[in-house]
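Worksheet: one structure, shown below.
Every read-out reported here was derived from the displayed coordinates using simple, explicitly stated rules and does not represent laboratory data. This is a predicted model, so every value here is computed, not measured. Every residue, glycine as well, gets a Cβ built from its backbone with ideal geometry; the counts of neighbours run over all protein chains shown.
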Amino acid sequence: MKYNSVKLIIFNRILLYVTLDHKTTMFGEVSSPQYPQPYPANFQEQWDLEVPQGYQIQLTFNHLDIEPSPDCYYDSVSVVSDNKVLGKFCGQNSIDRFHPGDKPILAPRNRLQLVFLTDNSNHESHLGFTAFYQAVDIDECSSSSVENAPCSQICLNTLGSYLCACHHGYMLRPDQRTCVLECGGGVHSELEGTISSPGFPDMSPLDLDCVYTISVQPGFMITLNFSQNFHIEQVYNQGQTCLFHWLQVSVQGKKPQKYCGGKSPEVLNTGAHFVQLEYHTDRYGQSQGWSLHYTTQRVQCPHPGIIGNGTVTPNFAQYLYRDYIHVRCKPGYKLMMGEKEISSFKSICQSNGKWHLTLPECKIIDCGAPKLLLNGDFQFISGENNEYLSVIEYHCNEPYYRFKDTAKVERKWTEVNNNDIIPPCYPECGMNTEVSVGGRVFGGMPARPGQIPWQLLHKTHTRGGASLISDYWALTAAHVVDGLENINMTWLGGITKARNQNPVIMEAEKIIIHPNYQRVSFRGHQTNYDNDIALIKMSARVPLGPNIRPVCLPNKTHESVMEGTMGTVSGFGGFKEGLTSEILRYGHIREYSSKQCVFEDLPVTDNMFCAGDDVEHVDSCQGDSGGPLFFPMLGHGTKEQRYEVRGIVSWGPVRCGQVSKAYYTKVQNYLGWIEETMANN
């Protein structure tokens, strides 16, 4: 063909043409002068229309309105091809004798002329004509316009031209029209096809040596299916056959096999992707020949088998070339190729019938060491070695720590998350060896180890006490630590003797005094003890044990200390006039109304209460400041009695034991500040 493409673009009713070369187009439009206005009189014009070689030109009048007359004598439009008039037209509609209507006019070749003639006798206005022409393909293979047959064997019509082809066993000569015998046919690489001897089913030419090669891609095996119509001359000579005419089939790795006679080999499974056929005839004899249809099948790989704790997909009865498999492990197992973990596995059946990768293993997931629990531990209750679905049980270091809402926490290792959130262990508060009834701090009873395990002592600067309320925080009076916030302060715990050789030593990291505490003094004496409370954060976690444990804070919903309620005060302060105790002492005291506790001209607020014992003369003294006044918690039996700190030793008479009463900071009023301060620090 002499053109590449044709493109028609219509935009705003304008027709544009893309030409194939500088001279011809595939279609076009022709109109009379001034159309759609009436055409002029006494006018003559000719249009030479042409389409590419190999096509006929076809003309169709879209509209024709020319003055009618007999034989179109006055005005006319004529269609001429090769000097032959194909039609002369006039009139207004298809009922007029010389009107072309909408029937196409087909020229025998690729050219025609339009000739438009008018005289001066047109008494009415006529519009003229508009026509469309286009190229129409010529069927050269059947057209009588082509002298003789265009091809000697097979003619194939194409757009604008034709192609010649040959029967099997023949090849096209350089003239591209005639054929010559050429058996063999080159290499057949399609996955399916048909091959036959030259001229089949007619007799094969003599003196042939034809070679046919079937070569498909590796991974496919060729099967030859011979038709029943099979005849190759067979001559017997001393037990040998197929001497002069034969078809030989050669497969790589196998002995070539010759076939002749009148019996078809039928189906031959070669098991190879390359097969060569040799067809031989000598100058004598007759063989009708043969025909076969070959197909291909994919090479089969062995079944991959099963994998423990995993699945192989897809599950086929047989696996062929290019099939692939995936291996997925069950939950809790991981893919392992040797000693290496892999994220996924895919293996493909290769052209040699083998899988390109061997199957991996599915090994149980090691979830790693369980998350450690501060102040607690764990034990396996099922499974082992931290493997998937092993179950461990966490527990706090009892009796000093416990979970807030449960006695134990069970965790199951899964493949999704082996770091489940474990609730923290909270210190058990308020537990001790029961204090004895009776005695007093000023001259009170000596405490045994473990009886008041929350009592803390500092001996530097001035002697003072504090109450351990967690394994990091302690509670004391503000005046005890006032001015010492930026000084390294050492606290001792877990002792009943001030000179104990093995105390629990705690360094203060932060000292936080209540923001409303007023540092007002006169000649070195405090004149206002309102908001006399402070918190101490230790620099390291306090190691709880039988002799050092926190006391509980009061319950928000319970009443604060009421008049007459008995509590216990403890400390290392004065126990005889002028003497400071070197041992921890305690005594039981009760609350008094403020009216009964007027002994110095200092302001008394609702943030403090008075307590003591006028009968037994139990009282706190200098050196006990900051220490606890604790009470039994409500709702606990005697076997597991807990204690809460409701008061902090704050201030009292200068000489201990004379009044046997003192003021204590009411802890109940500061629970919100205590919780917020501990949370933010």
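What is the magnitude of the charge dipole of region 445-679 about its Cα centre, with +1 placed on the Cβ of each Lys and Arg, -1 on the Cβ of each Asp and Glu, and no other charges, expressed in debye to the nearest 20?
Details: 22 positive and 24 negative charges, 132 e Å.
About 640 debye.
If I take R0 = 56 Å and measure r between the Cβ atoms of ASP614 and TRP673 in this structure, what FRET efficiency does the formula 1/(1 + (r/R0)^6) give, to the nearest 0.05?
Working: r = 33 Å, r/R0 = 0.59.
It comes to 0.95.
Could you pull out every Cys in the chain that lacks a partner Cys with its beta carbon under 4.7 Å away?
Result for the chain is CYS367, no neighbouring Cys Cβ within the cutoff.
Peptides 153-159, 627-633, 663-669: what's the order by average Cβ count within 10 Å, highest mean first?
Values: 153-159: 14.3, 627-633: 25.7, 663-669: 24.1.
Output ranking for 153-159, 627-633, 663-669: 627-633, 663-669, 153-159.
Provide the FRET efficiency to the nearest 0.05 for the THR60-GLN176 pair, computing r from the beta carbons and using R0 = 51 Å.
Working: r = 35 Å, r/R0 = 0.68.
Efficiency for this residue pair is about 0.90.
Would you calculate the volume per residue, in Å³, of the smallest convex hull containing every Cα atom of the chain?
Details: hull volume 283.5 nm³, N = 681.
Cα convex hull per residue, to the nearest whole number: 416 Å³.
Using a basic spin-label model with each label point 7 Å from the Cα along Cα→Cβ, how many nm lie between LYS459 and ASN42?
Between LYS459 and ASN42, the simple spin-label model gives 14.7 nm.
When the chain is fully extended, how far beyond the present Cα-Cα distance does ASN488 get from HIS558, taking 0.36 nm per residue of separation?
Numbers: separation 70, 0.36 × 70 = 25.20 nm, distance 3.67 nm.
Between ASN488 and HIS558, full extension yields an extra 21.5 nm.
Once the other residues with Cβ under 15 Å from the Cβ of GLN318 are scored (Lys, Arg +1; Asp, Glu -1), what is the net sum? Intermediate results must be reported in sequence, preceding the final value.
On the way: positive: ARG298, ARG322, LYS354; negative: ASP323.
It works out to a net charge of +2.
Expressed in nm to one decimal, what extension gain is obtained for the pair MET203 and VAL520 from 0.36 nm per residue of sequence separation less their Cα-Cα distance? List each step's numbers first, then the result.
Numbers: separation 317, 0.36 × 317 = 114.12 nm, distance 13.41 nm.
Full extension from MET203 to VAL520 adds 100.7 nm.
Could you check the simple spin-label distance between THR605 and LYS404, using points 7 Å along Cα→Cβ, in nm with one decimal?
Once both label points are built, they end up 3.0 nm from each other.
From the cross-link list LYS404/LYS459; LYS459/LYS595; LYS371/LYS556; LYS330/LYS404; LYS254/LYS354, which pairs have alpha carbons spaced over 25 Å apart?
On the way: LYS404/LYS459 35 Å; LYS459/LYS595 34 Å; LYS371/LYS556 34 Å; LYS330/LYS404 37 Å; LYS254/LYS354 21 Å.
Over 25 Å Cα-Cα: LYS404/LYS459; LYS459/LYS595; LYS371/LYS556; LYS330/LYS404.
Please give me the summed charge of the neighbours of THR296: other residues whose Cβ is under 14 Å from its Cβ, Lys and Arg +1, Asp and Glu -1. Intermediate results must be reported in sequence, preceding the final value.
Details: positive: ARG298, ARG322; negative: GLU190, GLU192.
Value of the local net charge: 0.
To the nearest 20 debye, what is the magnitude of the charge dipole of the chain about its Cα centre, counting +1 on the Cβ of each Lys and Arg and -1 on the Cβ of each Asp and Glu? All intermediate terms of the calculation are to be shown ahead of the outcome.
Details: 55 positive and 69 negative charges, 591 e Å.
I would put it at about 2840 debye.
Could you give the length gained on full extension between PHE274 and ARG97, defined as 0.36 nm per residue of separation minus the Cα-Cα distance, in nm? Before the final figure, lay out the partial values.
Values: separation 177, 0.36 × 177 = 63.72 nm, distance 7.20 nm.
Full-extension gain reported as 56.5 nm.
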